[in-house]
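Structure record follows, encoded as structure tokens.
The values are calculated or read from the model by the stated rules, or taken from the named source; none is laboratory data. If you're wondering where the values come from, they're calculated on a predicted model, not measured in any experiment. Here the Cβ positions follow ideal geometry from the backbone for every residue, glycine too, while neighbour counts run over all protein chains shown.
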Amino acid sequence: MLLQAALAPFSITGRLVIGVCAIVGALALFVGRALFACVTPRWHGGQIVRQAFSIGFLSLPVVGLTAVFTGAALALNIYTGGGRFNAEQIVPQIVALGITRELAPVLVALMLSGRVATTIAAEIGAMRATEQIDAMRTLSTEPFRFLVAPRVLAGVATLPLLTGVADVVGIAGGWAVSTWSLGFSSEAYTRSTVAFLEAWDVQSGLIKAAVFGFIVTAMGAFHGYRASGGARGVGHAATQAMVWSGVLIFATDYLMTSGFTEA
Amino acid sequence: MSAPELEWRSVRKQLGGRAVLDGLDLALEAGRSLVIIGGSGQGKSVTLKLALGFMRPDTGTVLFRGQPLPGLFRRRQAALYRQSGVLFQGSALFDSLKVWEVVAFRLLHAEGRPRRQARDAAIEALSQVQLGPDVADLYPAELSGGMQKRVGLARAIIGRPRILFFDEPTTGLDPLTAAAINQLITDQVRRLGCSALTITHDLVSARTIADDIALLDGGRIAWRGDRTQLDTADDTRVRAMVEASRAPR
């Protein structure tokens, strides 16, 4: 009894480590299979287009609204902060830099982890619960190629495009609030933004977005594919997909930013 | 003598620490319709899932035409899929697709047939299960349970399979609809001249569909005979099932 109690922490730690290893292993296998399905034929073109429309086009309103308000709020904050050391004029430059390098890719990815990763997890989880995935296999169609690869490819392709839109709209939000209420001239604001921005600022954000696109769609598919236990399992899968894609977005954002800064 | 279409040889499978199948030996002969009956939890679904490659046996082998499944790179399993059709218990229709796309799924996505041709084939398969072309452009959720079963059957038969699998084909259906589905299954199996494996606890269904009936109990085949022997079987477990099926509800 005493020995059991003494060993309990080791038992709990061991179970935790095994659990983490199991999920990491399952995720690694899943990602490997997903990547293989993405880069080898046969591709289901119709599915890719359908998913690109769903992930990309239908996300435009939420991405646009997020970007415009973020750009506007950022401008106000920088104006207030800059005012503390008489540097209000740096608003256009910092808004442009903050939006393109960091805020647009991260916020777009986070919005899509709520809108897309959960949808993918719920869709695939419901298909798993109702034997549709098994049915697909018996119809000589590999579910990874039909369900997972199109979503991942669509995510990797559309997130940079959405981020590009968010770059423009976010900077426009900063411009709007700066010219309407902070006393900047439209021409000077635009000139400062264009003169300051470098191609790499935009490119690095778009590279991040492509990686986030993979994370959002792969996490949605991963958790949906593993869903079990009916409606409760599907709900759990959707939640897990959102939580873990969010965590991975922040973690990879730091790693990529760190890499880009050193490069 | 040629090898059976499918054969389970000394198959053992544990789930949750319990031996669901415990040395199962069973064969589906070419051109025969075999129905596996048995109570809940006796391993009927597991038997089917092993053949369809959704599970692997702990020990023993499942053979397709004398060769073990799934084969190198799952090639033999893929060959079985190409030559078979499955009617799932809950129909398992793809709810984001129209009925004709569900029925023609194999033609569209596995064989890459043109949509026009696939649609015509789907409408022909729907007519085989007594559904008109008017349902082709509906979504599965717009259909009744019986119609969904018919669509599932149309999807199973569209590629002219050599083996048909039926997983509890009448579960959840009213007696009239169940009788109609049983008759459709019998007609289609006869028309295609294929082998069929059905798992069910519905003895009415078993009597209609089967050439041969096997009772699965305790993870093994406890009794096997042709359908005419079901009512006269000496086996107490078969007698209990027959009596239970006749008892007023």
Which number in (1) of a type outside the set (Lys, Arg); (2) in contact with a Leu (Cβ under 8 Å, 6 or more places away or on another chain); (3) more than 21 Å from residue B:215 (Cα to Cα) marks the one condition that residue B:62 misses? (3)
Cβ-Cβ below 9 Å, separation at least six or inter-chain, first residue in the range A:179-193 and closer than 10 Å to residue A:89 by Cβ, second part of a loop (DSSP other than H, G, I, E, B) and hydroxyl-bearing (Ser, Thr, Tyr): which pairs? none
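Only helices (runs of 4 or more DSSP H) wholly contained in the range A:148-241 count here; list those with 3 or more residues that are within 23 Å of the chain's Cα centre (by Cα) and over 23 Å from residue A:261 (Cα atoms). Please lay out each step first, then the result.
Details: elements: A:149-181, A:186-196, A:199-225.
Passing ranges, in order: A:149-181, A:199-225.
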Would the range B:171-181 turn up any residue that is out of contact with any helix residue (DSSP H, G or I) (no Cβ under 8 Å at 6 or more places or on another chain) and within 14 Å of chain A (Cβ to nearest Cβ)? yes
Scan the range B:139-188 residue by residue and report those that are under 21 Å from residue B:120 (Cα atoms), part of a helix (DSSP H, G or I) and either of a type in the set (Val, Ile, Thr) or in contact with a strand residue (DSSP E or B) (Cβ under 9 Å, 6 or more places away or on another chain) (or both). B:149, B:151, B:152, B:153, B:155, B:156, B:157, B:188
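Kindly evaluate residue B:142 against the criterion of being more than 26 Å from residue B:11 (Cα to Cα), surrounded by fewer than 20 Cβ atoms within 10 Å (Cβ to Cβ) and within 13 Å of another protein chain (Cβ to nearest Cβ).
Working: more than 26 Å from residue B:11 (Cα to Cα): yes; surrounded by fewer than 20 Cβ atoms within 10 Å (Cβ to Cβ): yes; within 13 Å of another protein chain (Cβ to nearest Cβ): no.
Spelling it out, it is not the case that residue B:142 is more than 26 Å from residue B:11 (Cα to Cα), surrounded by fewer than 20 Cβ atoms within 10 Å (Cβ to Cβ) and within 13 Å of another protein chain (Cβ to nearest Cβ).
Which of the following residues is closer than 22 Å to residue A:243 by Cα, more than 14 Å from chain B (Cβ to nearest Cβ) and surrounded by fewer than 20 Cβ atoms within 10 Å (Cβ to Cβ): A:114, A:82? First the steps, then the outcome.
Working: A:82 fails: closer than 22 Å to residue A:243 by Cα.
Testing whether each residue is closer than 22 Å to residue A:243 by Cα, more than 14 Å from chain B (Cβ to nearest Cβ) and surrounded by fewer than 20 Cβ atoms within 10 Å (Cβ to Cβ) leaves just A:114.
State whether one or more residues within the range A:121-141 are touching a strand residue (DSSP E or B) at 6+ places or on another chain (Cβ under 6 Å) and part of a helix (DSSP H, G or I).
Going residue by residue through the range A:121-141, those that are touching a strand residue (DSSP E or B) at 6+ places or on another chain (Cβ under 6 Å) are A:138.
After this cut, where a residue has to be part of a helix (DSSP H, G or I) as well, the list is A:138.
Scanning the range A:121-141, I find at least one residue that is touching a strand residue (DSSP E or B) at 6+ places or on another chain (Cβ under 6 Å) and part of a helix (DSSP H, G or I), so the answer is yes.
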Kindly provide the set of residues from the range A:38-60 that are under 21 Å from the mean Cα position of the chain (by Cα) and within 14 Å of chain B (Cβ to nearest Cβ), ordered by number. A:47, A:48, A:50, A:51, A:53, A:54
Please state which one of A:105, A:92, A:150 is more than 20 Å from residue A:213 (Cα to Cα), modelled with pLDDT of 95 or more and not polar (S, T, N, Q). A:92
Looking at the range B:51-68, which of its residues are part of a loop (DSSP other than H, G, I, E, B) and more than 13 Å from chain A (Cβ to nearest Cβ)? B:56, B:57, B:58, B:65, B:66
Which of (1) crowded, with 24+ Cβ neighbours inside 10 Å; (2) within 14 Å of another protein chain (Cβ to nearest Cβ); (3) closer than 30 Å to residue B:3 by Cβ; (4) of a type outside the set (Asp, Glu) does residue B:107 not meet, given it meets every other one? (1)
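Just wondering, is there one or more residues in the range B:126-134 that are β-branched (Val, Ile, Thr) and closer than 17 Å to residue A:131 by Cβ? Show your work before the answer.
Going residue by residue through the range B:126-134, those that are β-branched (Val, Ile, Thr) are B:129.
Narrowing further to those that are closer than 17 Å to residue A:131 by Cβ: none.
Scanning the range B:126-134, I find no residue that is β-branched (Val, Ile, Thr) and closer than 17 Å to residue A:131 by Cβ, so the answer is no.
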In the range B:10-42, how many are surrounded by fewer than 16 Cβ atoms within 10 Å (Cβ to Cβ), of a type in the set (Gly, Ala, Ser) and more than 19 Å from the chain's Cα centre (by Cα)? 4
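Inspect the range A:44-55 for any residue being out of contact with any strand residue (DSSP E or B) (no Cβ under 7 Å at 6 or more places or on another chain), in a helix (DSSP H, G or I) and more than 30 Å from residue A:145 (Cβ to Cβ) and give the result as yes or no. Quick ask: steps written out before the conclusion?
Taking the range A:44-55 as the starting set, the residues that turn out to be out of contact with any strand residue (DSSP E or B) (no Cβ under 7 Å at 6 or more places or on another chain) are A:44-55.
Narrowing the set further to residues that are in a helix (DSSP H, G or I) leaves A:45-55.
Next, only the ones that are more than 30 Å from residue A:145 (Cβ to Cβ) stay: none.
No - not one qualifying residue is present in the range A:44-55.
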Quick test of your reading of the structure: residue B:153 fulfils all but one of (1) in contact with a Phe, Trp or Tyr (Cβ under 7 Å, 6 or more places away or on another chain); (2) touching a residue at least 60 places away in the same chain (Cβ under 8 Å). Name the failing condition by number. (1)
Could you please let me know if residue A:56 is small (Gly, Ala, Ser) and either farther than 22 Å from residue A:164 by Cβ or at pLDDT below 95 (or both)? no
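Listed here are the residues, each with its yes/no results for (1) surrounded by fewer than 18 Cβ atoms within 10 Å (Cβ to Cβ); (2) within 14 Å of chain B (Cβ to nearest Cβ); (3) β-branched (Val, Ile, Thr); (4) within 16 Å of residue A:56 (Cα to Cα).
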site	(1), (2), (3), (4)
A:76	yes, no, no, no
A:118	no, no, yes, yes
A:130	no, yes, yes, no
A:133	no, yes, yes, no
A:160	no, no, no, yes
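Taking the residues in the range B:71-91 that are more than 11 Å from every other protein chain (Cβ to nearest Cβ) and in contact with a strand residue (DSSP E or B) (Cβ under 9 Å, 6 or more places away or on another chain) as candidates, determine which candidate is surrounded by the fewest Cβ atoms within 10 Å (Cβ to Cβ). Even if it seems obvious, please write down each step before you answer.
To start, the set of residues in the range B:71-91 that are more than 11 Å from every other protein chain (Cβ to nearest Cβ) comprises B:71-73, B:75-76.
Then drop every residue that is not in contact with a strand residue (DSSP E or B) (Cβ under 9 Å, 6 or more places away or on another chain), which leaves B:71, B:76.
Details: B:71: 15, B:76: 19.
If we take residues in the range B:71-91 being more than 11 Å from every other protein chain (Cβ to nearest Cβ) and in contact with a strand residue (DSSP E or B) (Cβ under 9 Å, 6 or more places away or on another chain), then B:71 is surrounded by the fewest Cβ atoms within 10 Å (Cβ to Cβ).
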Among B:129, B:35, B:86, the single one that is of a type in the set (Val, Ile, Thr) and either more than 30 Å from residue B:244 (Cβ to Cβ) or out of contact with any helix residue (DSSP H, G or I) (no Cβ under 9 Å at 6 or more places or on another chain) (or both) is B:129
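Give the number of residues within the range B:219-234 that are out of contact with any helix residue (DSSP H, G or I) (no Cβ under 7 Å at 6 or more places or on another chain) and either at pLDDT below 90 or over 27 Å from residue B:12 (Cα atoms) (or both).
The initial filter retains those residues of the range B:219-234 that are out of contact with any helix residue (DSSP H, G or I) (no Cβ under 7 Å at 6 or more places or on another chain), namely B:219-221, B:224-226, B:228-229, B:232, B:234.
Next, only the ones that are either at pLDDT below 90 or over 27 Å from residue B:12 (Cα atoms) (or both) stay: B:228-229, B:232, B:234.
The number of residues fulfilling the criteria is 4.
Among the strands (runs of 3 or more DSSP E) contained in the range B:1-50, which hold 2 or more residues that are farther than 27 Å from residue B:228 by Cα and not acidic (Asp, Glu)? Before you say what the answer is, go through the steps one by one.
On the way: elements: B:6-15, B:18-28, B:33-37.
Passing ranges, in order: B:6-15, B:18-28.
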Could you count how many residues in the range B:77-95 are closer than 16 Å to residue B:5 by Cβ and in a strand (DSSP E or B)? 3
